[in-house]
Amino acid sequence: MFKLPKKKIIGITGTMGSGKSQVGKILSEKYSVLDCDKVNAELLLPNRKGFEELKERKLIKIDEDGYLDKKQLSFDMFQDKMIKKEVENILHPLIFQEMNAWIENQKDGLVFIEMPLLFEIGAQDHFDSIWCVVTKRNIALERLTKYRHIDTQEAMKRITKQMSEEKKASLSDVVIYNNGTLKELKQTIAQMVEREKSWN
């Protein structure tokens, strides 16, 4: 009887401004890639389970159009650890449900999942291999100010609040240094993909 090859689930993580999304974008040209930030955003749309549960527990403010006030939620979670924990206890299991359902539907031998807070939420066991994207601090700050329009002081504050890239890199199976050109990044990714295939 013909047996389908086992999927290899690869997590992609890293600190803010490291280029995780760029790595995911390059990989998506040939492979299946799931962005957990997008899954999270979809769960927070009106009538979705995440939105409704947070609304029921009065953890969110809703704007005049009936949508979640994202800035207020971010502020509340940043200021109050109890609110942060309560929100995450609702959203994280839902994200994993969506992620597992997505994995089941994929036919590729390699599938990739972008999860910025992979280590912070203890999700290591969900993956067969973990890639950590790192970059120099000045490059990360430049990307955050230029592409995400976060002022330098705020960007620095957010980066220093996160688990350090050194810690994340030490816990990962593969470290991708994203300090050069797009061409160099593509070459590095191609090499890492071949290594993952050989380790399969």
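Here 113, 121, 139 are screened, and the one residue that is open to solvent by less than 20 Å² (accessible area, probe 1.4 Å) and not acidic (Asp, Glu) is 113. If you go through the range 60-89 and pick out every residue that is of a type outside the set (Ser, Thr, Tyr) and part of a loop (DSSP other than H, G, I, E, B), you end up with 8.
Screening 62, 103, 90 for residues that are of a type in the set (Val, Ile, Thr) and open to solvent by 40 Å² or more (accessible area, probe 1.4 Å) leaves exactly one candidate, 62. Looking across the range 108-133, the residues that are in contact (Cβ under 8 Å) with a residue 60 or more places away in the chain and in a loop (DSSP other than H, G, I, E, B) come down to 108, 109, 115, 116, 117, 118, 119, 123, 127, 128.
Taking only the range 150-200 into account, find how many residues are acidic (Asp, Glu) and more than 15 Å from residue 135 (Cα to Cα).
If we filter the range 150-200 for residues that are acidic (Asp, Glu), which is where we start, we get 151, 154, 165-166, 173, 184, 194, 196.
Those still in the list that are more than 15 Å from residue 135 (Cα to Cα) too: 151, 154, 173, 194, 196.
Residues flagged as acidic (Asp, Glu) and more than 15 Å from residue 135 (Cα to Cα) within the range 150-200 amount to 5.
Restricting the range 151-177 to residues that are polar (S, T, N, Q) and at pLDDT below 95, which is most open to solvent (accessible area, probe 1.4 Å)? Break it down stepwise before answering.
First pass over the range 151-177, keeping only residues polar (S, T, N, Q): 152-153, 160, 162, 164, 170, 172.
Among the residues that remain, those that are also at pLDDT below 95 are: 152-153, 160, 162, 164.
On the way: 152: 79, 153: 149, 160: 87, 162: 46, 164: 53 Å².
Only one residue fits best here, namely 153.
Consider residue 98 against the criteria (1) under 28 Å from residue 140 (Cα atoms); (2) surrounded by 14 or more Cβ atoms within 10 Å (Cβ to Cβ); (3) not hydrophobic (A, V, I, L, M, F, W, C): it satisfies all of them except one. Which criterion is unmet? Single failed check for residue 98: (1). The selection criterion, being closer than 23 Å to residue 99 by Cα and open to solvent by 50 Å² or more (accessible area, probe 1.4 Å), does not hold for residue 191. Out of the residues in the range 126-167 meeting the condition of being farther than 19 Å from residue 179 by Cβ and aliphatic (A, V, I, L, M), tell me which one is farthest from the chain's Cα centre (by Cα). Only one residue fits best here, namely 150.
The values are calculated or read from the model by the stated rules, or taken from the named source; none is laboratory data. These numbers come from a predicted model, not from an experiment. Note: ideal-geometry Cβ built from the backbone for every residue, glycine included; neighbour counts use all protein chains shown. Note: accessible area is taken over every heavy atom of the protein model, side chains too, but ligands, DNA and RNA are not part of it. Shrake-Rupley method; radii C 1.70, N 1.55, O 1.52, S 1.80 Å.
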